[in-house]
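Enquirer: Quick one: the structure is below, and I'll ask about it shortly.
The values are calculated or read from the model by the stated rules, or taken from the named source; none is laboratory data. None of these values were measured; they are calculated from a predicted model. Here the Cβ is made from the backbone with ideal geometry for all residues, glycine too, and neighbour counts use every protein chain on show.
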Amino acid sequence: MNEILTWLLDAVQSVDPVLRTLLAGLAIMLETSVLIGLVVPGDTVVIVAGTAVASPLEAVLLGIAVVLGALIGESIGYGLGYWLGPKIRAARLGRRIGEDNWRRSERYFRRRGGPAIFVSRFLPVLHSLVPLTVGMARYPFRRFLAWTIPACILWAALYISFASIAAGTYRELSERIHFAGYIFVGVVVAFFLLVFVAKKVIQKVERRHMEDGDEAEITHASEEDVKD
């Protein structure tokens, strides 16, 4: 196991750092884009790229690329929603998302306002659908960025830090422990399980803002949030 994992990690690290960083940024840009983001595993690409980080500078540059990629992807979604939202929703690809998902996204943003933009970055489907919904609502772009930038930074920091620390620890242990590879695989699986559970917890906490209910009992986006 150690030999296989070491070979894989070395293969990733052998890729030119600039190319590796650009590919991670591109993957996360696609992952946060409407429709495309439903099938592109951007988080997996970031994890793989993070295992090859060899210095704090590389980690920072990878983080910048991932954050910029996420912001570009979400900004594209916002722009599409602002200019073409209803047409996209009525199109074939828009219908494949499902009317229920569109309504959940609309209700969530209408009831939570800015916090919905932040939290949606950590939720499946909504992370690529909410930016489009926000654009359709003509929410000020500067406020959109004010909420999504911290979420993107936090997301990137968590994934890149985990990947780089896990890979570095494995390389140290592999020189002394013959089953270090199994430990590494177990840690990675545990991380993804933790992420899965965390998303489920967030969904459960936020569910009342997404489902049908008495609008009067739920906090709406403030007037300050929706005006220029």
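Enquirer: Kindly indicate the residue of region 106-115 that is touching a residue at least 60 places away in the same chain (Cβ under 8 Å) and not charged (D, E, K, R) and also surrounded by the most Cβ atoms within 10 Å (Cβ to Cβ) among those meeting that condition. Let's see the steps before the verdict.
Expert: Going through region 106-115, the residues touching a residue at least 60 places away in the same chain (Cβ under 8 Å) turn out to be 107-114.
Retained after the next criterion (residues that are not charged (D, E, K, R)): 108-109, 113-114.
On the way: TYR108: 25, PHE109: 29, GLY113: 22, GLY114: 20.
Only one residue fits best here, namely PHE109.
Enquirer: Next question. For residues in region 156-179 being surrounded by 22 or more Cβ atoms within 10 Å (Cβ to Cβ) and among the hydrophobic types (A, V, I, L, M, F, W, C), which is nearest to VAL67 (Cα to Cα)?
Expert: The qualifying residue nearest to VAL67 (Cα to Cα) is ALA156.
Enquirer: Here's another thing I want to ask about it. Do you know which of the residues in region 40-84 that are of a type in the set (S, T, N, Q) and in a helix (DSSP H, G or I) is surrounded by the most Cβ atoms within 10 Å (Cβ to Cβ)?
Expert: Out of the qualifying residues, it is SER75.
Enquirer: Hey, another quick one. Would you pick out the residues in region 85-100 that are surrounded by fewer than 15 Cβ atoms within 10 Å (Cβ to Cβ) and at negative phi?
Expert: Of everything in region 85-100, those that are surrounded by fewer than 15 Cβ atoms within 10 Å (Cβ to Cβ) and at negative phi turn out to be PRO86, LYS87, ALA90, ALA91, ARG92, LEU93, ARG95, ARG96, GLU99, ASP100.
Enquirer: Scanning for something touching a Lys or Arg at 6+ places or on another chain (Cβ under 7 Å) and touching a residue at least 40 places away in the same chain (Cβ under 8 Å), does region 153-162 turn up at least one residue?
Expert: The answer is yes; a qualifying residue exists.
Enquirer: Okay, next question. Whether any residue in region 215-225 is more than 23 Å from ARG143 (Cα to Cα), at pLDDT below 90, more than 16 Å from the chain's Cα centre (by Cα) and surrounded by fewer than 10 Cβ atoms within 10 Å (Cβ to Cβ) is what I want to check. It would help to see each step written out before you state the result.
Expert: Filtering region 215-225 for residues more than 23 Å from ARG143 (Cα to Cα) gives 215-217.
From the residues that got through so far, the ones that are at pLDDT below 90 too are 215-217.
Filter again for more than 16 Å from the chain's Cα centre (by Cα), leaving 215-217.
If we keep only those that are surrounded by fewer than 10 Cβ atoms within 10 Å (Cβ to Cβ) too, we end up with 216-217.
Scanning region 215-225, I find at least one residue that is more than 23 Å from ARG143 (Cα to Cα), at pLDDT below 90, more than 16 Å from the chain's Cα centre (by Cα) and surrounded by fewer than 10 Cβ atoms within 10 Å (Cβ to Cβ), so the answer is yes.
Results for (1) at pLDDT 95 or above; (2) under 30 Å from TYR82 (Cβ atoms), shown as yes or no for each residue.
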residue: LEU132; (1), (2): no, yes
residue: ALA151; (1), (2): yes, yes
residue: PHE162; (1), (2): yes, no
residue: LYS204; (1), (2): no, no
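Enquirer: Next question, about the same structure. So, ARG208, is that one closer than 19 Å to PHE109 by Cα, at pLDDT 95 or above, charged (D, E, K, R) and surrounded by fewer than 14 Cβ atoms within 10 Å (Cβ to Cβ) or not?
Expert: Taking the combined requirement at face value, the residue does not satisfy it.
Enquirer: From the list PHE118, PHE192, PHE141, exactly one residue is under 30 Å from GLN13 (Cα atoms), of a type outside the set (Gly, Ala, Ser) and surrounded by fewer than 21 Cβ atoms within 10 Å (Cβ to Cβ). Which is it?
Expert: Among PHE118, PHE192, PHE141, only PHE192 is under 30 Å from GLN13 (Cα atoms), of a type outside the set (Gly, Ala, Ser) and surrounded by fewer than 21 Cβ atoms within 10 Å (Cβ to Cβ).
Enquirer: OK, next. What residue, among those in region 13-35 that are in contact with a Gly (Cβ under 6 Å, 6 or more places away or on another chain) and in a loop (DSSP other than H, G, I, E, B), is modelled with the lowest pLDDT?
Expert: Among those that are in contact with a Gly (Cβ under 6 Å, 6 or more places away or on another chain) and in a loop (DSSP other than H, G, I, E, B), it is VAL34.
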